[in-house]
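The numbers here are math on the coordinates, done by the rules we state, and not lab data. Values in this document were obtained by computation on a predicted structure and should not be read as measured data. All Cβ positions, glycine included, derive from the backbone under ideal geometry; neighbour counts span all protein chains shown.
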């Protein structure tokens with residue numbers, strides 16, 4: 001594999017060891033991690049990253065929402081930085097690579113630039129965004145959303161976890177346990193480019209035998225609640241013809257929705273994730289049923305068209321019950337900057353790494369930062385596409401390959 005000085009300075013063994021060291025912080029018996037946002041384990045991960053940064057002579061600082069930055073200086077002190085990173089928090093039964101890979105790949109890129117003796121005009125920075133997962137505090141991708149000005153800092157600081165702990169207090173405890181210099185003022189500062197590396201969290205790269213995913217977009221998502229209302233009745237005495245069974249109506253609607261959203265290219269994502277039936281008694285015909293829908297696609301027009309289909313199905317299939325559908329959230333697709341997309345593809349090809357263009361099915365911090373500056377993402381394979389799971393796995397070779405592409409991309413962007 002042909003390598004430039006920066007890609008050649010990426011060390012597979014060092015990057016893999018960094019993952020192993022981080023995986024001990026919140027490690028679970030099944031080999032995953034439980035390192036939720038602003039926990040003691042999160043603080044320990046912040047401290048470890050800070051220790052590595054100090055050893056390399058990189059500056060670290062944090063902001064009002066707790067985003068942690070590592071900065072390698074450029075030759076132009078006034079130039080806007082090039083930024084790369086992801087998150088270090090996990091699901092309660094999460095994997096070792098989701099998010100953490102993006103942080104460690106960015107840090108490895110900083111180390112490779114240093115080891116190769118490459119000077120950049122712009123500063124190059126790594127970031128660990130606060131609370132991307134949203135498993136403890138809602139909403140997810142909080143740190144990047146506040147940084148980008150999409151969520152209000154004061155409102156996010158008042159968020160509570162499932163035990164009633166206020167985020168402001170958890171953040172104060174975390175920063176006390178993992179101290180770093182504070183960036184004064186509100187979160188957010190000018191950026192030149194942002195590039196985020198991540199495991200794919202899906203099976204396409206592995207199935208297609210590709211090493212690098214050139215991410216073109218993050219697909220849009222919409223969430224809905226469907227409610228059917230019937231009439232409670234005795235399960236033993238009420239004939240089926242006389243029933244207004246809310247669950248049966250929900251089942252009719254759901255079946256039709258599955259059929260209507262089955263596209264030939266298998267691009268549309270449609271999920272019914274939760275179903276509640278009331279009153280929930282074994283011998284009572286349900287009087288109410290509620291289910292949730294998560295629908296995703298890279299094209300906003302496709303989402304709009306399928307939303308109309310869902311509404312029509314609810315109206316047509318509910319009888320003899322009544323039913324309604326409510327849109328809860330709508331997140332537009334994020335289209336990444338062609339300059340970053342092309343550069344990722346060019347660097348992957350130069351390194352002779354098999355690659356393919358693809359959208360991201362999951363949301364990432366990059367969707368918020370893309371509103372601030374030209375942005376892109378790099379995917380690497382994960383075993384069987386498993387993620388948000390303790391069995392999540394990736395190979396040292398693939399992780400290093402993604403870091404090499406990232407390092408090359410950051411080096412070129414930082415010298416533009």
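For the peptides 379-389, 315-325, 237-247, the ranking by packing is 379-389, 315-325, 237-247, with the highest mean count of neighbouring Cβ atoms within 10 Å listed first.
Entry note, the stretch 1-151: relative contact order of 28 percent, from Cα contacts under 8 Å with a spacing of 6+ residues. Contact order for the stretch 220-331, expressed relative to its length and based on alpha carbon pairs under 8 Å spaced 6+ residues apart, stands at 46 percent. What is the distance in Å between the Cα centroid of the stretch 11-85 and that of the stretch 188-245? For the stretch 11-85 versus the stretch 188-245, the Cα centre distance is 30 Å.
Note: relative contact order over the chain, using C-alpha pairs below 8 Å and six or more positions apart, is 25 percent. Computed over the chain, the alpha-carbon pair-distance distribution with 10 angstrom bins reads 5, 21, 28, 23, 13, 7, 3, 1, 0, each value a whole percent.
Please state, to two decimals, what the Cα-based radius of gyration of the stretch 220-331 comes to when divided by 2.2 N^0.38 Å (N = residues). Output field value: 1.14.
Of the three principal axes defined by the Cα atoms of the stretch 54-135, the extents in descending order read 42, 28, 20 Å. To the nearest ten degrees, helix 300-317 and the longest principal axis of the Cα atoms of the chain are 20 degrees apart.
Within the listed set 213, 26, 264, the residue fluctuating most in the Gaussian network model of the chain (springs between alpha-carbon atoms under 10 angstrom) is 264. Largest GNM mean-square fluctuation among 98, 76, 266, using the chain with Cα springs under 10 Å: 266. A helix-only calculation puts the chain at -10500 deg cm²/dmol for mean residue ellipticity at 222 nm, using -39500 (n - 2.57) for each DSSP H run of at least four residues, averaged over all residues. With only the Cα atoms considered, the stretch 279-352 has a convex hull volume of 159 Å³ per residue. Under a Gaussian network description of the chain, with springs only between Cα atoms under 10 Å, the residue in 162, 16, 129 that fluctuates furthest is 162.
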